[in-house]
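The values are calculated or read from the model by the stated rules, or taken from the named source; none is laboratory data. Quick caveat: nothing in here was measured; it's all calculated off a predicted structure. Positions of Cβ are backbone-derived with ideal geometry, glycine not excepted, and every protein chain shown enters the neighbour counts. Accessible surface areas use protein heavy atoms only, side chains included; no ligands, DNA or RNA. Shrake-Rupley method; radii C 1.70, N 1.55, O 1.52, S 1.80 Å.
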Amino acid sequence: MKIQVSRIPEEGLDIEGEEAFVDEDAGPVTAKVSLRVEKVEEDVLMRGEATAGLRLVCSRCLKEFERDLTVPLDLAFSPEKEMGEEEEHELAEEEMSTGFYSEDEIDLAEVVREQMLLNIPMKSLCDEACKGLCPHCGADLNVETCACGTREVDPRLKALEKFFKKGEN
């Protein structure tokens, strides 16, 4: 969905709808969007939220699981102004959270996609207590205890193992 900035009424605009996109990790995603859009001079302010059910892979046990993600949307957009190639300026604090639009149009699908992807956890867990996989035999430690039993010491810590064995005697 695209929003025409010049068609936003003075009293603002309420938008309810769905935006679909594909993420290489989460697969096809359909986000339900609820937004309040207001225009202040040339700037556009959006407040609301987007909610989607995501299909993720646990970082510890590698099982697929589903998780709902709700992302608050509090965004500001300013018109894109052309700058000379050689002109440089340092971004101010308020410019860091400002998006830009061109040709009187804001692509809502791209905005929702960007905000959803930025809020997907880097390491998704099916459960906070997930035990993961055994590093030796690959057994799912949530389902079974593996037969490995022995713990190998990290080669970088072998010297400390000798130190502690001396202390036992």
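Below are the figures for this structure:
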read-out: In region 120-134, the residues that are surrounded by 10 or more Cβ atoms within 10 Å (Cβ to Cβ) and assigned to a loop (DSSP other than H, G, I, E, B); value: ILE120, PRO121, SER124, LEU125, CYS126, ASP127, CYS130, LYS131, GLY132, CYS134
read-out: All positions within region 39-56 that are touching a residue at least 12 places away in the same chain (Cβ under 8 Å) and either more than 17 Å from PHE100 (Cβ to Cβ) or exposed (fewer than 14 other Cβ atoms within 10 Å of the Cβ) (or both); value: GLU42, ARG47, GLY48, GLU49, ALA50, THR51, ALA52, GLY53, LEU54, ARG55, LEU56
read-out: Region 105-116, residues that are touching a strand residue (DSSP E or B) at 6+ places or on another chain (Cβ under 7 Å) and open to solvent by 50 Å² or more (accessible area, probe 1.4 Å); value: GLU105, ASP107, ARG113
read-out: Those residues of region 9-38 which are open to solvent by 100 Å² or more (accessible area, probe 1.4 Å) and either among the β-branched types (Val, Ile, Thr) or touching a residue at least 12 places away in the same chain (Cβ under 8 Å) (or both), in sequence order; value: GLU10, ASP14, GLU16, GLU18, VAL22, ASP25, LYS32
